[in-house]
Structures are given as structure tokens and as C-alpha cells.
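The values are calculated or read from the model by the stated rules, or taken from the named source; none is laboratory data. Note that the structure is predicted; figures quoted are calculated from it, not measured. Backbone-built Cβ (ideal geometry, glycine too); neighbour counts: all protein chains shown. When the accessible area is computed, the model is the full protein with side chains, heavy atoms only, and any ligands, DNA or RNA have been set aside. Shrake-Rupley method; radii C 1.70, N 1.55, O 1.52, S 1.80 Å.
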Amino acid sequence: METIFQVSKECVTVRSTGSGRAIVYLHVYTGDGGSVWEKCLELGCRDFTLVSIGNLDWSDDMSPWECPPTFKGDDACAGHADRQLELLIKRMMPRIEAKLSAPPAYSAIAGYSLAGLFATWSVLNTNVFSRMASVSGSLWFPGFSRHVAQHEPAKELERAYFSLGSTEARTRNNFVRSVEKDTRSIVESFSSRGVTVTFEENPGNHFKEPALHTAKGIRWILDA
């Protein structure tokens, strides 16, 4: 099954191998999530529904609070994650799940880069997701690891997947070079609160095989 529609400015693509088990919400920087879907099929993921949400104001919609540009030529982050989460929960999810032949057993959220940051932030601010995956997540975001240490994940959160590329921390950029330390701190924070957590290091830098690495994260949160 494949369905495409629009909510507000966002383009939503729904793909499914079977209803009733799980639904995974994935915000994407470009495209419609098709490359991640293909990798999920190649990896033999259990039956699930993948909802890919694109056409975002990426730096603004995926950031929890304001942040200056991290690289020359980048945009500043306006911190509109709360607005995006409200749109997802109140407008997208009811419309999407009404189209399924059976209610999903659970909902999960996943994302790469800033969308991995958004996924992690989201499970601190809503109880609708019982599983999450942050793949090469921008968890270096200023103040974020401290924020996680001070806030409990929702009680319904069962499983959380985190990954990084093996060379992501080897940068002179003052923002990004703390990413491994911050990610491991967040993994520990989640684990200490009873969430089943895993951390995976993938070979290469932030830009190597994002679709494959995202699919690996989705497979892990589905495998239980």
C-alpha cells in the first residue's frame, strides 16, 4: 500500500507491508522516504507501516529551541519542534491511522540528523510513541543532553535506538565535536530510567549511507 497526501505544507507518504502491528513516523530532509523503505524491505523488517513526512522547514521544524548556524552558510534554528509535534499528533496521526485497515499495535518515531534530535525530544514531550530511533542524531544540540538528564521519557517508552558514524566526532566544529559524548550521555539517561536502549556505531561519517542506517534503526525498534 502506498498513499500520498498533504497536511499543511508537509507532504506525507504512507507505505505498509501489513496493518495492525506497528507504525513508524519518519521526518525526512529530502525525498519521500522511498530509499529508507527499500532498505527496510532488504533488511527483512517485520510488517509495519512507514509514514514519511517531508517538505519541512528543516532547521526550524526539527529544533526544540533556537540555535545559531552551526556551519558557515547554514541557517539558524528557530526552535519550532513544539509546533511540529502538535501538527503530527493532532492532525497527521488521526488522518493517517483512520486509513489503516486495523489500529496499529504501537506508534514509533524515527529520524536522521536533526530529525533524530526531534525524535528524542518528542518522547520527552508526549506519551504517544512507545519506541524511537535517533540515527546520527544531532544530539550535540546546545543544552540538549542536559535537558534530557533533567526530564523523564514518557512512561510508555519501551525501546530507544541511537547510532552515530564512527568519524562523526572527528571535526573541528565547536558544536558538532561533542556529538559522541552527548549521545552516550543521553543513552545512559534513558537506560537509567528503565528504557531498553542500544547504541550502534556505523562506519564512516555523518553522510555515509543514511537510508541504510535509518533502516537498521527501524529494524531494531521493530524486533521485539
- Query: Which of the cysteines found in the chain have nothing to pair with, since no other Cys Cβ lies under 4.7 Å from theirs?
  - Reply: Cys11
- Query: P(r) of the range 57-147 in 10 Å steps, Cα pairs, percent per bin?
  - Reply: 16, 48, 26, 9, 1
- Which entries in Lys39/Lys181; Lys9/Lys72; Lys9/Lys90; Lys39/Lys72 show an alpha-carbon gap greater than 22 Å? Lys39/Lys181; Lys9/Lys72; Lys39/Lys72
- Note on the structure: Of 153-166, 199-212, ordering from highest average Cβ density within 10 Å down gives 153-166, 199-212
- Item | Computed over the chain, Cα set: Rg, Dmax in Å | 16.1, 50
- Per the 1.4 Å probe, what fraction of the accessible area of the chain, in percent, lies on carbon and sulfur atoms? 47 percent
- Query: With +1 on each Lys and Arg Cβ and -1 on each Asp and Glu Cβ, how big is the dipole of the chain about its Cα centre, in debye rounded to the nearest 20?
  - Reply: 240 debye
- Note on the structure: Contact order relative to length for the chain, counting C-alpha pairs under 8 Å separated by 6 or more residues, stands in percent at 19 percent
- Where the chain is the region considered: accessible area per residue in Å², 1.4 Å probe: 44 Å²
- Rounded accessible area of Ser178 (nearest 10 Å², 1.4 Å probe): 30 Å²
- Just from its helices, what would the mean residue ellipticity at 222 nm be for the chain, if runs of 4 or more DSSP H residues each count -39500 (n - 2.57) and the sum is divided by every residue, rounded to the nearest 500 deg cm²/dmol? -8500 deg cm²/dmol
- Task: Note the direction-averaged projected area, equal to a quarter of the hull surface, for the Cα convex hull of the range 78-199, in nm².
- Result: 7.9 nm²
- Query: Relative to the first principal axis of the alpha-carbon coordinates of the chain, what is the inclination of helix 210-222, with its axis defined by its Cα atoms, in degrees from 0 to 90 and to the nearest 10?
  - Reply: 60 degrees
- What is the packing order of peptides 25-36, 79-90, taking the mean over residues of other C-beta atoms within 10 Å and listing the highest first? 25-36, 79-90
- Query: Under the Karplus relation 6.51 cos²θ - 1.76 cosθ + 1.60, θ = phi - 60°, what is the ordered set of whole-Hz ³J(HN,Hα) values for the range 114-123, x standing for Gly and Pro?
  - Reply: 4, 5, x, 4, 4, 4, 5, 4, 4, 6
